[in-house]
Every structure is written in C-alpha cells, then in structure tokens.
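Here's the structure, in structure tokens; my notes come after.
The values are calculated or read from the model by the stated rules, or taken from the named source; none is laboratory data. If you're wondering where the values come from, they're calculated on a predicted model, not measured in any experiment. Neighbour counts run over all protein chains shown; Cβ positions are idealised from the backbone, glycine included. Just the protein is used for accessible areas: all its heavy atoms, side chains included, with ligands, DNA and RNA removed. Shrake-Rupley method; radii C 1.70, N 1.55, O 1.52, S 1.80 Å.
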There are 2 protein chains.
Amino acid sequence: MSDRRTEILRAATRVISRRGVRGLRVAELATEAGVSAALIYYHFTDRAGILRETLEFIGERADRYTTEQDPATAGDPRAELSQALLLELQDTPEVRENSTAWGELRASAVFDPELREDLARATHTWVHEIAYLLGQADPTGTAPAHASSAERLTALLEGLSVRWLSGSIPLEHARMLLAEAIEAELPPRGR
Amino acid sequence: MSDRRTEILRAATRVISRRGVRGLRVAELATEAGVSAALIYYHFTDRAGILRETLEFIGERADRYTTEQDPATAGDPRAELSQALLLELQDTPEVRENSTAWGELRASAVFDPELREDLARATHTWVHEIAYLLGQADPTGTAPAHASSAERLTALLEGLSVRWLSGSIPLEHARMLLAEAIEAELPPRGR
C-alpha cells in the first residue's frame, strides 16, 4: 500500500476515534491527512470506500499489536490465544484509538445499512482468526465448537471494550473478566 | 411518574433509536412528544437530565419485558435467569427500539464524558439483577463469582445485541451463543 494511502487511512481512524463516524467529512479528513480531497476520492472513490478500507486498516493494525511475539508465549498455543484477545484491552494510544474507531463503526452500522456488509466481513475475518487459535489450543475440539467460542469471545471483547472506553469498568477488571471467559471456553489445563 | 413525563421519555427513546443520541435536540423531542420545549425543561432541567432519565426508563422497560412471567418458568430459577437474558434478544419493535437506544447511549458515552456516571450506574443495576438470579440458580456459588458471571453475561449480551442490530449475525444465532454462555457460567444441570 502506498504511504499516502496508508496516511489517509491512519488519519480516518484518528478522526473517527475523536469525533465518530458521523463526524467524518472528506474535507476534514483531507485537512487531517494533509492531502487534497481529490486525492482521497482518487484512492477511495467515495465515503463508503473510505469506511470500507478503514475497517480493513483497523483490523490489520489490531492483528499487528495482538500478535507481537512475546518470547514467553512462542510455541504455546494457549498463551498465543490469550494474548491475541487480551492485547485488545491495553491502555496505549494506538489500541485506544483503534478500539474506539472499531466500536464506533459497529455502533454506526446500526443506523447506516451501507456499512453492514463490510463490517460483517471484517467480523468474520476476526472470528476466523480466533477460531484458528482455539483449534491450535484445543486440537481435540470440533471446528463448529471453536467457531462458536470465537464468536462469543470476540463479542464479549467488544462488549467489555466499550464498557471500558465508556467508563463503566476499569481496564484491569475487563481483562480479568475476559481471561476467565477464555479459560471457560477451553478444556481444563493439563488434560 | 406522570403520563406526560413518561410520554417524553418514550419519545426520547424513539428519537435516540432512530437517529442516535447526537441527533437528539430538545426542540425535536418536543415535536416528537407533542409537548412544548418549556415543559421538557421543566421536567428534566437540561439535556443531561433527559439522557439520565431516558437511561432509567430504558432499564425499567427492559425489566418489564424480560420478567413477564412465562408459566413454564415460574419457580425455576435457572429458567428465570435464561429468560431475563434471552428476552433482550427478540425481534419486536419494543425490544429493538430499547436495545438500539441502549447501545447508542453506550457508544455515545465513549465520546461524551457527561453520560458516563449515569451509564455506569445503570450498568451496575443491571449486573446486580442478573447476579441475584445467578445466586438463585446456583445457591452454592459465591457472590463475587456470580457478580463476575453477571458482568460477563451482560457484556456478552451487549456485544451480541449490537452485532445483531448491525447486521453481522442473525438473531437466532445470537440467542444460541448466549444460551450456551449461560450454561457455561452455571454448574452442570442436576448437580
């Protein structure tokens, strides 16, 4: 992806996390990204195109910060699974911005049918990745059981993330609730 | 509560579920409720007051439709617990409107610190009610364990509800995922 394109998507994520999807106007995004509106239209065609690619950008960025290899977890599928989920709950500017923008795109799709198909696709991609890690951590389980667990864990994570971001629970408590849910979805350790 | 007051809160829930919290203006709410803006200010002081009482109104309405006595569940605490959670996932105009408005208030609190304290209070009330039902369904468990389970189940329900409303999963599938989570939080049946 060209640097200019990435810079526009990074700016779109920032704007959405600051003022919401409904606050995203192309003129404003152009100012934020330091490019012309014409260049934005050239790369993304229209507002729907910007939102679609921003969803992908957010997903790829989350992939990166949830799979940064912690040497302690290398080769331990259970630890890799926990990390992939728990690293979505971190108080760093990048994670906060990414989670705020994702939650806002989710909430906006309730009102904006145009967003729904892309959001459903991005959700499937995420569920699929977590189901894969569940399969590695619990190889005797079935694929549909892992898929259901992955849907529950990611939906719970979305619910906990917006509770944290909206000030209803502290971050460490959200992490603890999620860690317990991960344990409950897996067979007991050492079996 | 006076009929006029209730009518204003009902109208506020409708407006929020149709156009979002950010679309709620007092003048528009007055038109929707068929009252004067002055009467709204008289009852609720300001916009923050309207939102605070709308949160309560939504909670009380959900209480009503999740505790309608199904003769089959009377006296069965496990069934009452399942019902209290699963009846939040119903495709009726009332539940859809209530869930949309609640999800929107949750999402808006990420951007609007003024909403947070009231939302956290309403969340605690809900968690507390579910923890009570868990205590009835699982009397040998501990209160903190029930409180954690209640937080997980309600956060999962919020996550599933917005996935349903945003078109990422069908309603029946959301219900199935939630029903399995309820089972996982309780000791095995017949123990």
Next on the checklist: So, in segment A:177-189, exactly how many residues are within 12 Å of another protein chain (Cβ to nearest Cβ) and open to solvent by 30 Å² or more (accessible area, probe 1.4 Å)?
Outcome noted: 5
Checklist entry - So which residues in segment A:85-126 are within 12 Å of the chain's Cα centre (by Cα), charged (D, E, K, R) and within 13 Å of chain B (Cβ to nearest Cβ), if there are any at all? => result A:Glu88, A:Arg96, A:Glu97, A:Glu104, A:Arg106
Next on the checklist: I'd like the residue in segment A:35-60 that is of a type in the set (Ser, Thr, Tyr) and without any contact (Cβ under 8 Å) to a residue 24 or more places away in the chain and, out of all such residues, is nearest to A:Trp126 (Cα to Cα).
Outcome noted: A:Thr45
Item to check | Among the candidates A:Arg61, A:Arg52, residue that is closer than 19 Å to A:Asp3 by Cβ, in contact with a helix residue (DSSP H, G or I) (Cβ under 8 Å, 6 or more places away or on another chain), modelled with pLDDT under 95 and crowded, with 18+ Cβ neighbours inside 10 Å | outcome: A:Arg61
Next on the checklist: Take the residues in segment A:162-176 that are assigned to a loop (DSSP other than H, G, I, E, B) and more than 7 Å from every other protein chain (Cβ to nearest Cβ); name whichever of them is most open to solvent (accessible area, probe 1.4 Å).
Outcome noted: A:Pro170
Checklist entry - Somewhere in segment B:127-145, is a residue surrounded by fewer than 23 Cβ atoms within 10 Å (Cβ to Cβ) and within 9 Å of chain A (Cβ to nearest Cβ)? => result no
Checklist entry - Regarding B:Ala84, is this residue under 24 Å from B:Ala131 (Cα atoms) and free of Cβ contacts under 8 Å to residues at least 12 places away in the same chain? => result no
Next on the checklist: Scan segment A:16-33 and tell me whether some residue there is in contact (Cβ under 8 Å) with a residue 24 or more places away in the chain, within 21 Å of A:Leu153 (Cβ to Cβ), within 14 Å of chain B (Cβ to nearest Cβ) and surrounded by 14 or more Cβ atoms within 10 Å (Cβ to Cβ).
Outcome noted: no
Checklist entry - Which ones in segment A:3-48 are on the phi > 0 side of the Ramachandran plot and among the small types (Gly, Ala, Ser)? => result A:Gly20, A:Gly34
Next on the checklist: Name the residue that is farthest from A:Ile50 (Cα to Cα), counting only residues in segment A:107-120 that are touching a residue at least 40 places away in the same chain (Cβ under 8 Å) and open to solvent by 20 Å² or more (accessible area, probe 1.4 Å).
Outcome noted: A:Asp112
